[in-house]
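Take a look at the structure below.
The values are calculated or read from the model by the stated rules, or taken from the named source; none is laboratory data. Because the structure is a prediction, the values reported are computed rather than measured. A quick note on method: Cβ atoms are made from the backbone with ideal geometry, for glycine too, and the neighbour counts reach across all protein chains shown.
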Amino acid sequence: MPTLLIAILTLGAVGLFLAMPGGRADTRRVGWVVLAAAGAVLLALLLRLVPGADPRGLFAGFALVAVFAALRVITHGKPVYSALYFILLIFAVTGLLVLLEATFLSMALVIIYAGAILVTYVFVIMLAQQSRPAPYDVKSREPVWGCLAGFLLLILLARQIELFLVPAQRTPLPAPIAEAPGTIEAVGVPLLTEYVVAIQIIGLLLLAALVGAIAIARRRPTTRAESEGDE
Amino acid sequence: MTDPTIKRIETVLRKPAVIFGAGAAILLLVTALLALAFPLYKPLLSSQFSFSMIVLAVMLVLILSATALCILFERKIAGFTQDRYGPNRVGFWGLLQPVADGLKFLLKEDIIPRHVDKPLFLLAPALALAASLLGFAIIPWAGQVRWPWMPPDAPPLSTQVANLNVGFLYLLAVGSLSVYGVVLAGYASNNKYAFYGGMRAAAQMISYELPLGLGLLVVLLVSGTLQLDQIVQQQAATGVWNIFLHPIAFFLVLVSALAEANRAPFDLPEAEQELVGGYHTEYSAMKFAMFFLGEYAHMITSSALIVALFFGGWHFWGLPGPENVTWWAMLIKLAVYLTKVALFIALFMLVRWTLPRFRFDQLMRVAWQSLVPIGVALLAATAALTYLGWQRNVWASLAANLLLLAVLLRSAARSKRPVTARQEDLPEIDVRPTT
Amino acid sequence: MRDDDIIVLKEPELTPAERLYLPQILDGLKTTLRHMFDLQRRHAVVHQYPEQTREDTGELRTANYHGVHRLNKDPDGRVACVACFMCSTACPAHCIHIEAGESPWPDREKYPVQFDIDELRCIYCGLCEEACPVDAIELTPLYELVSCTREELILDKEKLLQIYEETKGIKPRRNPPVTDYGLTGTQGLDVAEPNMKRKV
Amino acid sequence: MPKIIIDGHTIECRSGIPVLQAALEAGLAVPHYCYHPGLSVVASCRLCLMEMKMPNPKTGQMDWAPKLFPSCQTPVRDGLEVRFRSDPVRENQQHVMEYYLLNHPLDCPVCDKAGECYLQDYTEANGPATSRMVEDKTKNPKKDIGPHTLLYQDRCVLCSRCVRFCDEIAGTGELAVVGRGSRCEIDVLPGQPLENPLQGNVVDLCPVGALLDKGFLFKQRVWLLRSARSVSPADSRGQTIWIDYNEAGIHRIRPRYNEKINEWWISDEARFGWKHVHRPDRLRQPRIRQGVALQPARWEELPGLLRAPFAGVAACASPAGPGGGARLAQPPSLLGRGQGEGQGIGPLAAVLSPMLTCEEAWLLAKLARSLAPQATLVLGHVPVSGHDQTYPNGFTIKAEKCPNRRGVETILQHLGGPTASFQEFLAQAVEGRFRAAYVTGGYPDAWVTDPVAAALARIPFLVVHDLFPSALDGAAAVQIPGAAWTEREGTFMNCDGLLQPFERALPPLEGVKADGQFFYELLGQPGLFRAQTVRETMAAELPQFSEVFIPRDLPKRAH
């Protein structure tokens, strides 16, 4: 079984690599075919392993959209489209979270990611690269290493899933948290009691990052002579 | 040179009796049809899900036609404030102007310039309209209702489409999405004016989401819930609208809502005088109309939200309260709610024709240097009140607000410049001749 | 420029209330609201155009309104224009097209064989009227200039003369012709009179 | 080089010229009517009077003389000091101007001279704004004095330039000043109208609107015209001209000063020889024979269509190949039968018309030779009419009525190889030696006589590049519309070997391509045809083309 999974994931990794932007159009098409094949096999495998699974549910829909959008984020040539697919991905994940009754988390995801962070991304992308990606952007994509890392991560995850799926060790799915309307409480109370130190440390880190960013980005007042000398 | 038949039709349509008669006839017809079809949809009214769907359908139609009417309304107000009549040619009092406008939009040539990013160009107006319409899902239009044929012990039905437990967080989330329509329109148009419009919209919306969120948080602290229907019910039960508790929070939300809807004086993304048409420069026909509709739909959502949060939603003193869940009470509540929303829309329009547009640095300064600090201070004060358990105490809240106002006045008096000063980092210009 | 010629303008100091902006906004809203409900002023200011025209209210200044052009006729009923091209030279919009020819009358040298004005290109500045040495081209107070095609709005000589016939009463020719080469008709001596009077 | 002092400025000038001429060449605006550098001096207008320093007879010192001197009659000499900016001179000018305006009608709006009228300009600059005369002005009827000219006597200032021109330059003396005193008039003798072949010049000479060209009468106002420097194709002398044109087309042609050829004058042939440019029957579209009729074609398909058969003909002719026929890229229907192989003369001929510019002739010759190294280059029909006419002062009208025979000949001589005169070419064509020919025309008049048409009809693949339809239409396989010389730019070499460039005045007719541009495309060259660029490449091989002669433009009113 692990061999089969590893084979499928390797296939997926190869397909993804082929589908990465920068290659020739037909190579990329081949990559997509490979990816689709790997996905189909994986789906079939999962369906066989989990007898009661219903692939027609909302979960499957959201999950498929999420996977597709995630792939497009990294395979699309234009940064703006990548960002838009990212937003689509976030919506799919939001759907998944809503299915898990984690409404607060889902809304927070939309507000923070789609509403703020990605708008900033789009903003920056629009400002930065009007015609085509800069050479350093193209270079830094490093499709080989990216695919390899993702592939390793997926192997580890699959290993876990496989362990989880072995019937002897199967544990019942954790039930949704009892009082559904209290999800805000369910998130908020632990944040301010159990994890309060962690939260503070994270806050501190973010503050440090913010200050650092400002320090880097600050325009230093230069005299004219200096600025001319720089050029 | 005009066709005499057209002229005759115009004259006929301009008679009030014709317009109102036709309106009444249509209303009667619809009512009669509804009454006749009552057995068909009676079961649908009884379950929450199907009832929500019906509310959804009805409100969608209502709001889309309301946006069209809003445009007439806006032009009328523009005319009135400028000592004009506004549109008064099509139909009595110009009432058929939306029909004419709609026809014009539909019949105009739909131009897609060759240089645009086509998928995004097509997507943008759809996004703009859809994001604005999404918000209506959680507006508690008329409280709760229990139909006469339902057993008295059955739980009453909610007139909300969806009673999310995250409440107005959802509104905040979908509101933040409306920026994409504008930004993508600006990007896809491949036109510098559109592009500037898009950039401005992005920066503006991100900036004004903060004060909006802070204002909403104040309400959250006061009411202890995110669900709009509960917030309204609280206000209705106590008879104290949140505006009385936190006028400054209301002001924050109002200003931010104006900015989020790209309304004047925050309409920089489409500033005609500077950017031709801003993000919709390249759009024509129905796609242009969709931006238009989106803007007005956004305005209606914002008004509905403000009414629910600060003005007691469907509540009005002396009218049926939350305990009255009969169908006629529902209609009264709906009417009250819609009236309040209409008043707010009128306020938005009045503001548009009163205030000049901000400059962009002023816009940013207002958000980051005024509204956000005020919001934070107000939030802290409300948190303190909540901690003391006085969050719904009118006098304590008002005192806190007044205190804040006094501090603001004092700092304004101390500061050497108005809130929206000219840019200081511009170099000093020596006007004297060099010789 | 001396230093004391320079007036340094300072932004006026704002009061705290003005700095807070809110009272000012309310002030503005008050103004707009006042206008909104000022029905009397609205009725006084606005004309309901097709039903109510400026002629009705007597506000149309026929003497200097810049409307559709006309080509004047001399006392003998001939076109007064001498085809000197001054109007088309002065025209900033290049909307006047003239073709000149030898006139069929003994007392005149030149007359316009063709005289077209593109009313769509025209900006109604009135420079043609100023340039005309014989006051042949004039702008009438007619402002209802509509047609179903663009071609109809390129007015030719016949139409322009027709407009003169229609507007003779509204706007009489201001000056008698002032040149001395037989413009006012066949009476040679009458011509010299205005010329002499014109000497400064 | 004498040095004179005018208004305190020292000016170096040519010797032997009047002070007025020196002042005008130095850029001073000295008013004058009667003086013209090409005519004898009469000093009759009294407008150019100046103050001059002379030895005072009492003291012997140099001093301003009390009386004014006509500057047009005073030759320059070294050290002469004169002044125009002084009160006596101004006063004199004002009085003289008032006198000239006494009877002058105030009809500038209808006068065709307005805009280039000396009287109008001087009046506007410093003349009296009003008239003190209260009597009726003298009215003189206009007179028809010739086939091209009208005389408006009441505008005349009696400068007698036109009379002197007819006496001195044309030598015909039709015009005279008749009458005496205030009844002086310009007139012709009965039965002897002004109709010498140079008579158009009197209109240009006239400083006011007295003499007017009937052809230009009332057509346009001069300020609405633009001018292009051009060279007349009327005869082989290469008279330089201004083409006055605007959006509506050419309106008139004026002489352009040229000290080497025509000075201030041009012949009437050059002046009125532009009407053919606007003839309505000009060819406007390339056409290709399909079946019996010529069918419209697109310019884009022409290069391929022409190069292939020409190259095919050349391949046939080369001794290398019986297989050459197989390489024919053209359907036989277009090409017809082949003859004349191995006769030492290439079956391809290019006829270079003397109406072509040097650059165009060069490009076409190069094209023919690049397609078929043995192509015969032919100097086209050279129209000749009558004999050379020389006028008293040396002005010559050539009998050869084409501008560039010499230029084409120079190119043919340089290229060498098989060349032929037009007569030889016709003779060989009658024998059927040519299988393909590119014939250029461009003559203003019909030039295809019956023998020409008959000879050319024997050529199976005949390309005719001409302005107008002709008898060749029935024989041509391809008909290409040419552009008139006003629509092209380039260089003409005149009969004395002087190379003169000219500018384009009008765009080619809609649907027509300038000849040079078309040849350029046929050669497969990218971009736009620029005469100067082509001329520079020519000059690399042919040093005669390295230098062109461009006469200097005279300052305004310097004559």
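A few remarks follow.
- Residue count, segment C:66-107 (criterion: touching a Cys at 6+ places or on another chain (Cβ under 9 Å), of a type in the set (S, T, N, Q) and part of a loop (DSSP other than H, G, I, E, B)): 1
- Residue in segment B:273-295 that is in the same structural domain as B:Val174 (by TED's automatic domain parsing), under 10 Å from the mean Cα position of the chain (by Cα) and β-branched (Val, Ile, Thr) present: no
- Pairs, first within 14 Å of chain C (Cβ to nearest Cβ) in segment B:390-410, second modelled with pLDDT under 80, C-beta under 9 Å, six or more apart: B:Leu405/C:Leu20; B:Leu408/C:Leu20; B:Leu409/C:Pro16; B:Leu409/C:Ala17; B:Leu409/C:Arg19; B:Leu409/C:Leu20; B:Arg410/C:Pro16
- The lone exception for D:Pro190 - which of (1) more than 26 Å from the chain's Cα centre (by Cα); (2) surrounded by 15 or more Cβ atoms within 10 Å (Cβ to Cβ) it fails: (2)
- Test result for C:Glu109, within 14 Å of chain D (Cβ to nearest Cβ) and out of contact with any strand residue (DSSP E or B) (no Cβ under 6 Å at 6 or more places or on another chain): yes
- Positions within segment A:66-114 being of a type in the set (Val, Ile, Thr) and closer than 26 Å to A:Asp26 by Cβ, in sequence order: A:Val67, A:Val73, A:Ile74, A:Thr75, A:Val80
- Residue within segment D:467-475 that is of a type in the set (Gly, Ala, Ser), surrounded by fewer than 21 Cβ atoms within 10 Å (Cβ to Cβ) and closer than 20 Å to D:Pro233 by Cα present: no
- Of the set (1) crowded, with 18+ Cβ neighbours inside 10 Å; (2) outside any helix (DSSP H, G or I), all apply to B:Ala68 but (2).
- Looking only at segment C:43-65, and only at residues there that are within 14 Å of chain B (Cβ to nearest Cβ) and in a helix (DSSP H, G or I), the one that is farthest from the chain's Cα centre (by Cα): C:His43
- Assessment of segment C:138-160 against the conditions (in contact with a Lys or Arg (Cβ under 7 Å, 6 or more places away or on another chain), modelled with pLDDT under 90, under 24 Å from D:Lys113 (Cβ atoms) and not charged (D, E, K, R)) yields no matching residue.
- Pair list, Cβ < 7 Å and 6+ apart or interchain, from segment D:304-319 residues that are of a type in the set (Lys, Arg) to residues that are at pLDDT 70 or above and surrounded by 24 or more Cβ atoms within 10 Å (Cβ to Cβ): D:Arg307/D:Leu371
- Residues being surrounded by 15 or more Cβ atoms within 10 Å (Cβ to Cβ), touching a Cys at 6+ places or on another chain (Cβ under 8 Å) and not hydroxyl-bearing (Ser, Thr, Tyr) - total across segment C:108-125: 7
- Qualifying residue in segment C:27-42 (condition: more than 14 Å from chain D (Cβ to nearest Cβ), in contact (Cβ under 8 Å) with a residue 24 or more places away in the chain, among the hydrophobic types (A, V, I, L, M, F, W, C) and over 16 Å from C:Leu160 (Cβ atoms)): no
- Test result for B:Leu40, surrounded by fewer than 10 Cβ atoms within 10 Å (Cβ to Cβ) and either out of contact with any Lys or Arg (no Cβ under 7 Å at 6 or more places or on another chain) or in a helix (DSSP H, G or I) (or both): yes
- The set of residues in segment D:207-229 being of a type in the set (A, V, I, L, M, F, W, C) and in contact (Cβ under 8 Å) with a residue 40 or more places away in the chain consists of D:Val208, D:Ala210, D:Leu211, D:Leu212, D:Phe216, D:Leu217, D:Phe218, D:Val222, D:Trp223, D:Ala228.
- A count restricted to segment D:271-301 and to residues that are of a type in the set (D, E, K, R) and on the phi > 0 side of the Ramachandran plot stands at 0.
Yes or no, residue by residue, for (1) over 24 Å from D:Phe545 (Cα atoms); (2) outside the structural domain of D:Trp362 (by TED's automatic domain parsing); (3) assigned to a strand (DSSP E or B):
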| residue | (1), (2), (3) |
| --- | --- |
| D:Ile411 | no, no, no |
| D:Gln428 | yes, no, no |
| D:Ala453 | yes, no, no |
| D:Pro469 | yes, no, no |
| D:Phe492 | no, no, yes |
